[in-house]
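Report on one structure; see the data block that follows.
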Amino acid sequence: MNEKIGFIGLGIMGSGMAANILDRGFDLAVWSRTSSKTDELVRRGARKANSPAKIAAQCTVILICVTDEKAVHQVLFGAQGVVENARPGTLIIDMSTIPPEASSDHAKTLAERSLPMLDAPVSGSREGADQGTLSIMVGGDESEFERASKIFEAMGNNIVHVGDRCGDGQTVKLVNQLLASGNTLVMCEALLFAQAGGVDLEKTLEAVSGGAAGSWMLTHRGPQVIRRDWQPGFTIDLQLKSVSAVLKAAADNGVPVPLMAQLYQYYRTLQAQGKGQEGHHA
């Protein structure tokens with residue numbers, strides 16, 4: 001089947017993801033709340049739509065990558081939303097990071113309109129989105145996962161069908177966020193410790209990165225921390241949203257996550273200082 005792809009949301013992650021889909025030769029239509037963000041993709045051959053509803057009128061698979069649960073609900077069910085024009089059988093793939101229960105609720109509402117859905121949040125920051133090397137964790141019907149596999153392969157190199165329920169992908173994404181944000185906090189503590197000890201930070205990073213202490217975060221964000229380069233691959237505002245979702249899910253399930261509670265307070269402090277758009281390693 002020659003799918004016609006629609007991509008909604010061209011922010012830090014979405015713009016690179018959509019570009020990689022286009023580069024694989026897919027027929028692509030794009031929409032973003034900030035219209036100018038579509039310009040480069042249109043120049044390269046994508047079609048511009050004026051609303052999510054216009055995307056739905058011309059596409060068989062619709063990918064969504066927006067900031068939060070409210071934004072997902074708006075593009076699906078709001079005025080000029082996807083459901084106004086989506087034909088039965090159109091596959092909706094939500095690649096945003098939202099609470100698992102919200103994803104499940106969206107899937108049930110879409111199913112009533114004969115619109116299948118997958119939740120497929122991603123990890124890998126801006127670099128992974130631009131390079132097509134994202135990790136993609138997918139929840140939903142396996143046959144729909146197979147239908148979308150070539151599209152996923154355009155954006156990522158670690159694609160796992162983690163469960164048959166919409167929301168399973170979001171749960172695994174929260175596991176990812178817990179690990180990644182906790183790793184960020186420990187990395188920053190370690191580099192401050194090294195700085196206080198008077199050792200060369202670049203040589204310290206070189207010495208520890210190849211051993212048991214090495215990690216993606218240390219390799220990619222450690223040099224930025226040393227340079228005091230706070231350019232975001234993922235912003236504090238977005239990471240705070242993820243940490244908040246981890247805390248809520250942990251409370252619902254009776255799981256203690258003390259490190260996330262501490263990190264929540266640090267991010268809130270940075271937000272209050274007007275630094276919410278800096279990288280989450282700040």
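The values are calculated or read from the model by the stated rules, or taken from the named source; none is laboratory data. Quantities reported herein were computed from a predicted structural model and do not represent experimental measurements. Note that each Cβ is placed from the backbone with ideal geometry, even for glycine, and that neighbours are counted across all protein chains shown. When the accessible area is computed, the model is the full protein with side chains, heavy atoms only, and any ligands, DNA or RNA have been set aside. Shrake-Rupley method; radii C 1.70, N 1.55, O 1.52, S 1.80 Å.
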Checklist entry - What size of dipole, in debye to the nearest 20, comes out for the stretch 1-100 about its Cα centre when the only charges are +1 on Lys and Arg C-beta atoms and -1 on Asp and Glu C-beta atoms? => result 280
Checklist entry - Using only Cα atoms, what is the ratio of the radius of gyration of the stretch 136-282 to 2.2 N^0.38 Å? => result 1.20
Item to check | Long-range amide H partners of Gly156 with built H, under 5 Å | outcome: Leu134
Checklist entry - Under unit Cβ charges (Lys, Arg +1; Asp, Glu -1), what dipole magnitude, rounded to 20 debye, does the stretch 135-210 have relative to its Cα centre? => result 100
Checklist outcome for this item: Rounded to the nearest 10 degrees, the helix 142-155 long axis (Cα) sits at an angle to the longest Cα principal axis of the chain of 60
Checklist entry - Any idea which of Thr60, Ser35, Val246 is furthest toward the positive side of the dipole for the chain, if Lys and Arg beta-carbons carry +1 and Asp and Glu beta-carbons -1? => result Ser35
Item to check | Estimated FRET transfer efficiency when R0 is 51 angstrom, pair Arg228-Ala57 (beta carbons, to 0.05) | outcome: 0.60
Checklist outcome for this item: For Trp216, Trp230, Trp31, the accessible-area ranking with a 1.4 Å probe, largest leading, is Trp216, Trp230, Trp31
Item to check | Geometric extent, Cα atoms of the chain - Rg, Dmax (angstrom) | outcome: 19.4, 64
Item to check | Check: the chain dipole with +1 on Lys, Arg Cβ and -1 on Asp, Glu Cβ, in debye | outcome: 700
Item to check | Cα convex hull volume per residue for the stretch 19-79 (Å³) | outcome: 89
Next on the checklist: Once each part is reduced to its C-alpha centroid, what is the distance from the stretch 104-166 to the stretch 220-269 in angstrom?
Outcome noted: 23
Next on the checklist: Rounding to the nearest 10 and keeping the result within 0 to 90°, find how far the Cα-based axis of helix 258-272 lies from the longest principal axis of the chain.
Outcome noted: 80
Checklist outcome for this item: Here the stretch 66-79 yields Karplus 3J(HN,Hα) values (6.51, -1.76, 1.60; θ = phi - 60°; whole Hz; Gly and Pro given as x) of 10, 6, 7, 4, 4, 5, 4, 4, 5, 6, 7, 10, x, 4
Checklist entry - Amide H to amide H, which residues 5 or more places from Phe7 or on other chains are under 5 Å from it, using H placed in the peptide plane? => result Ala29, Val30, Trp31, Leu63
Checklist entry - Ignoring ligands, DNA and RNA, how do His280, His73, His161 rank by accessible area with a 1.4 Å probe, largest first? => result His73, His161, His280
Checklist outcome for this item: Helix 100-111 sits off the longest principal axis of the Cα atoms of the chain, rounded to the nearest 10 on a 0 to 90 degree scale, by 10
